[in-house]
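Just below is one structure, and these are the notes that go with it.
The values are calculated or read from the model by the stated rules, or taken from the named source; none is laboratory data. What you are looking at is a predicted structure, and each value in this text was computed from that prediction instead of being measured. With ideal geometry, Cβ positions are generated from the backbone for all residues, glycine too; neighbour counts draw on all protein chains shown. Remember, those area values only see protein heavy atoms, side chains included, never the ligands or the DNA or RNA. Shrake-Rupley method; radii C 1.70, N 1.55, O 1.52, S 1.80 Å.
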Amino acid sequence: MSQDKTSYVILGGTSGIGVAVATQFDNGENIIHVASRQTGLDISDEKSVHAYFESIGAFDHLIVTAGSAAPAGKVVDVKIPDAKAAFDIKFWGSINAAKHASRYIKPNGTITLTTGMLSRKVVANTYTKTAINAALEAVTKVLAKELSPIRVNAVSPGLTMTTAYQGLDEQSRESMYENARNNLPAGRVGTAEDVAHAYVMAITNPYMTGSIIDVDGGALIN
């Protein structure tokens, strides 16, 4: 019976890490709901997010992997409207999702958000991404208190080989990956599948809440 199955909602689940997470749980025994801009859901639109969760009803686990193309550059150069637009998608979109999903998540369910190593890795010309990810990590801990017994955690990936970098030309992309392989303590660049394991841990470990799980090849200790 479908009501005995565990149900997952994955926002941003049509590409990259989201697809890898969906694959982890799509074993024929679970119910997987996947949504993204490609399916018509804009998580920065609160009314749309509210309607989406209303249409699904009760479920067990929310995973948010949706990201935003945050503008790079120095504070003096980045256009504030561009930075705000990036916040609207990743930060406020994640808040929209947590706010409205929490009304439908079953007892002992979970919310797992996605941040990024730039929340705590100081890199010039990345203030927008740094601010978005740091804000999400702070809010993750607040949500874990407010929404208990729903457990709330966040996964913080480092450089990962996904379509997020398809905008780079092949030579630049491979040079970036090679530099990471030569300098990261792990000696390799992460894959979406590597990162997906962290979401599985956050969801299946009943003693984890308010945690930030770093999956970055050692970038934060470099």
- When the helix-only estimate is applied to the chain (DSSP H runs of n ≥ 4, each -39,500 (n - 2.57), divided by the residue count), what is the mean residue ellipticity at 222 nm, nearest 500 deg cm²/dmol? -13500 deg cm²/dmol
- Task: Assuming R0 = 30 Å, can you tell me the calculated FRET efficiency for the pair Val142 and Gln171, based on Cβ-Cβ distance, to the nearest 0.05?
- Result: 0.10
- Query: Based on the alpha-carbon gyration tensor of segment 1-60 and its eigenvalue square roots a ≥ b ≥ c, which shape applies: rounded if a/c is under 1.5, prolate if not and a/b is larger than b/c, or oblate?
  - Reply: oblate
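Which of the trypsin sites (Lys or Arg not before Pro) found in segment 62-146 are in a DSSP loop and have at most 11 neighbouring Cβ atoms, other than their own, within 10 Å? Intermediate values should be presented prior to the final figure.
Working: sites: Lys74, Lys79, Lys84, Lys90, Lys99, Arg103, Arg120, Lys121, Lys129, Lys141, Lys145; in loops: Lys74, Lys79, Arg103, Arg120, Lys121.
Listed in order of number, the matching sites are Lys74, Lys79, Arg103.
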- Task: Could you run the Karplus curve 6.51 cos²θ - 1.76 cosθ + 1.60 with θ = phi - 60° over segment 68-76 and give me ³J(HN,Hα) per residue in whole Hz, x for Gly and Pro?
- Result: 9, 7, 5, x, 8, x, 6, 3, 6
- Task: Starting from the Cα of Glu29, step 7 Å along the direction of its Cβ; do the same at Asn108; then give the gap between the two resulting points in nm.
- Result: 1.5
- Measuring from the longest principal axis of the C-alpha atoms of the chain, the long axis of helix 170-183 (C-alpha) lies at a number of degrees, nearest 10, equal to 90
- State the percentage of accessible surface on segment 93-222 attributable to carbon and sulfur atoms; use a 1.4 Å probe and exclude ligands, DNA and RNA. 55
- For helix 192-204, report the angle its Cα long axis makes with the longest principal axis of the Cα atoms of the chain; keep it between 0 and 90° and round to the nearest 10°. 40
- Can you tell me the 0 to 90 degree angle between the C-alpha axis of helix 80-101 and the longest principal axis of the chain, rounded to 10? 30
- Query: How do 158-165, 196-203 rank on mean C-beta neighbours within 10 Å, highest first?
  - Reply: 196-203, 158-165
- Query: Which value, in debye to the nearest 20, describes the size of the charge dipole of segment 108-178 about its Cα centre when Lys and Arg Cβ atoms bear +1, Asp and Glu Cβ atoms bear -1, and nothing else is charged?
  - Reply: 440
- Once you've got the Cα coordinates, tell me which of Lys121/Lys141; Lys74/Lys99; Lys47/Lys129; Lys47/Lys84 are over 28 Å apart. Lys74/Lys99
- Please give the peptides 16-28, 56-68 ranked by average Cβ packing (other Cβ atoms within 10 Å per residue), highest first, as a rough proxy for protection. 56-68, 16-28
- Enter the accessible area per residue of the chain (Å², integer; probe 1.4 Å; all protein chains in place). 51
- Task: Evaluate 2.2 N^0.38 Å with N set to the residue count of segment 51-169, then give the Cα radius of gyration divided by it.
- Result: 1.14
- Message: Less than 9 Å Cβ to Cβ from Tyr8, Lys/Arg counted +1 and Asp/Glu -1: what total charge do the surrounding residues give?
- Response: -2
- May I ask you to work out the translational diffusion coefficient for segment 16-121 at 25 °C, viscosity 0.890 mPa s, via Stokes-Einstein with Rh from the Kirkwood sum over Cα pairs, reported in whole µm²/s? 162
- Protection proxy (average C-beta count within 10 Å per residue), highest first, orders 181-190, 210-219 as 210-219, 181-190
- Dipole of the chain, positive end: most advanced residue of Pro81, Gln24, Leu168 [Cβ charges, Cα centre]: Pro81
- Task: May I ask for the equivalent-ellipsoid semi-axes of segment 115-171, computed as the square root of five times each C-alpha gyration tensor eigenvalue and listed largest first in whole Å?
- Result: 28, 14, 8
- Compute the distance in nm between two label points, each set 7 Å from the Cα along the Cα-to-Cβ direction, one at Ser48 and one at Ala186. 3.2
